[in-house]
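The values are calculated or read from the model by the stated rules, or taken from the named source; none is laboratory data. Being a predicted model, the structure only gives us computed values, none of them experimental. Neighbour counts are summed over all protein chains in view; Cβ atoms, including those assigned to glycine, are modelled from backbone coordinates with ideal geometry. Note: areas computed on protein heavy atoms with side chains; ligands, DNA, RNA excluded. Shrake-Rupley method; radii C 1.70, N 1.55, O 1.52, S 1.80 Å.
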Amino acid sequence: MPQLPGTDLTVSDLCLGGNVFGWTADAPTSFAILDRFLDAAQPQPAFVDTAESYGDGTSERILGDWMAARGARDRVVVATKASRGQKEHPLAAAEIRTAAERSLRNLQTDRIDLYYAHYGDETTPLEETLTAFDELVQAGKVRYVAASNYSPGRLTEARETADRLGVRGYTALQMHYNLMERAAFEGELRDVVRAQGIGTLPYFGLAKGFLTGKYRAGEQIDSPRAKGAAAYVGERGDRVLGALGEVAREHGVPVPAVALRWLADQPTVVAPIASGRSVEQLAELLPMRDLVLTDDQRRRLDEASTR
Ligand SMILES: NC(=O)c1ccc[n+]([C@@H]2O[C@H](COP(=O)([O-])OP(=O)(O)OC[C@H]3O[C@@H](n4cnc5c(N)ncnc54)[C@H](OP(=O)(O)O)[C@@H]3O)[C@@H](O)[C@H]2O)c1
């Protein structure tokens, strides 16, 4: 069972992305997706990712309503995020305290398992941010804190600051990383993550839907993500989809499951984050859990995505 390094937090092989709840999936559909995910994750706890900013709390509220309706809180690892870009000092202590209380209310729970700083905030000293997070941990309202969208320099500074303050600090990094987006993570940032002995949770695991194979030249896809995903259409995208299709056929599994397995197998990765807006879409992601890629298949995927 995947475990966040240096913590006692065990999670499911796939982390379910929650930005669809209340956006591209209405509440009843979100409940059905969560039911299917919880069922498929067993005996692992269902690892679900949300944020205070998704639908201005709507995603958290749907997840909270579902956990309450199903009595499922103890079988879910809840990750959510503080810091909304439009705030003047998003990671100031007072903002973090208020955001955490609001998230706890939205989620109808007494604890957040993994609480992220959604984006770095250069306007607030790291001492203040990390102390505020640690107070939440000491109060039992948060189990572990993590960073999202941090630069290598800021992550290093955060580690040094946490050590100086004598607090645990960030135990993981959530970053944009998938078969189509490798360069920004696989250099200095991954070196820092490795040196700190923390884990990576890559988001946009399916490159906004591109790695499902549904975006091809000339195809019109009905999705608010279509513009972002269609940007990957081209020669390199064709190569990656070609290699994914080949490996998927060799195993008799859907294409997105292969993309997520490749990501899950990368150094420092604990669990990739991806979403589906229907139970049918989710069903195509779930086989990633039992999929074992050969060295040759991994090499073909690597070559197709780096050339
Ligand atoms: N930390 C951050 O700053 C940050 C930023 C972004 C995301 N995230 C997190 O990462 C999660 C994952 O990102 P994401 O959901 O935006 O992108 P993603 O996982 O790369 O793409 C998921 C989307 O692909 C499409 N899809 C999935 N399975 C499919 C299938 N079988 N067939 C056809 N289409 C399929 C669906 O969108 P359509 O049906 O609409 O095409 C689905 O919502 C988010 O939910 C969020 O929790 C974090």
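Filtering E101, E95, E122 for residues that are modelled with pLDDT under 95 and out of contact with any helix residue (DSSP H, G or I) (no Cβ under 7 Å at 6 or more places or on another chain) leaves a single hit, E122.
Conditions tested, residue by residue: (1) in contact with a strand residue (DSSP E or B) (Cβ under 6 Å, 6 or more places away or on another chain); (2) near the ligand (Cβ under 10 Å from one of its atoms).
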residue: P2; (1), (2): no, no
residue: D13; (1), (2): no, no
residue: D26; (1), (2): no, no
residue: S30; (1), (2): yes, no
residue: T50; (1), (2): yes, yes
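Being surrounded by fewer than 19 Cβ atoms within 10 Å (Cβ to Cβ), hydrophobic (A, V, I, L, M, F, W, C), under 19 Å from the mean Cα position of the chain (by Cα) and within 12 Å of the ligand (Cβ to nearest atom) is the requirement here; does A271 meet it? Against the criterion (surrounded by fewer than 19 Cβ atoms within 10 Å (Cβ to Cβ), hydrophobic (A, V, I, L, M, F, W, C), under 19 Å from the mean Cα position of the chain (by Cα) and within 12 Å of the ligand (Cβ to nearest atom)), A271 does not qualify. Of V192, V258, V240, all but one fail to be open to solvent by less than 30 Å² (accessible area, probe 1.4 Å) and away from the ligand (no atom under 14 Å from the Cβ); the exception is V192. Put simply, of R75, R70 the only residue that is open to solvent by 60 Å² or more (accessible area, probe 1.4 Å), in contact with a strand residue (DSSP E or B) (Cβ under 7 Å, 6 or more places away or on another chain) and either away from the ligand (no atom under 16 Å from the Cβ) or under 25 Å from T98 (Cα atoms) (or both) is R75. Among the residues of segment 195-212 satisfying the criterion of being open to solvent by 30 Å² or more (accessible area, probe 1.4 Å), over 13 Å from the mean Cα position of the chain (by Cα) and in contact (Cβ under 8 Å) with a residue 12 or more places away in the chain, which is nearest to the ligand (Cβ to nearest atom)? Selected residue: T212.
Answer with yes or no whether D39 is within 24 Å of V145 (Cβ to Cβ) and more than 12 Å from the ligand (Cβ to nearest atom). No. Close Cβ contacts (under 7 Å, 6 or more residues apart or on different chains) running from residues in segment 275-293 that are within 17 Å of F210 (Cα to Cα) and more than 6 Å from the ligand (Cβ to nearest atom) to residues that are among the polar types (S, T, N, Q) and at pLDDT 95 or above comprise S278/T29. Taking the criterion of being over 23 Å from A46 (Cβ atoms) and within 11 Å of the ligand (Cβ to nearest atom), the only residue of segment 243-255 that qualifies is V255. When we screen A40, A32, A79, A68 for residues that are touching a residue at least 40 places away in the same chain (Cβ under 8 Å) and either acidic (D, E) or touching a Lys or Arg at 6+ places or on another chain (Cβ under 8 Å) (or both), the only hit is A40.
For the structure I just gave you, tell me whether A27 is touching a helix residue (DSSP H, G or I) at 6+ places or on another chain (Cβ under 6 Å) and open to solvent by less than 30 Å² (accessible area, probe 1.4 Å). Here the answer is no, as A27 does not meet what is asked. If the condition is being open to solvent by 30 Å² or more (accessible area, probe 1.4 Å) and either within 12 Å of the chain's Cα centre (by Cα) or within 14 Å of the ligand (Cβ to nearest atom) (or both), then segment 163-189 contributes H176, E181, A184.
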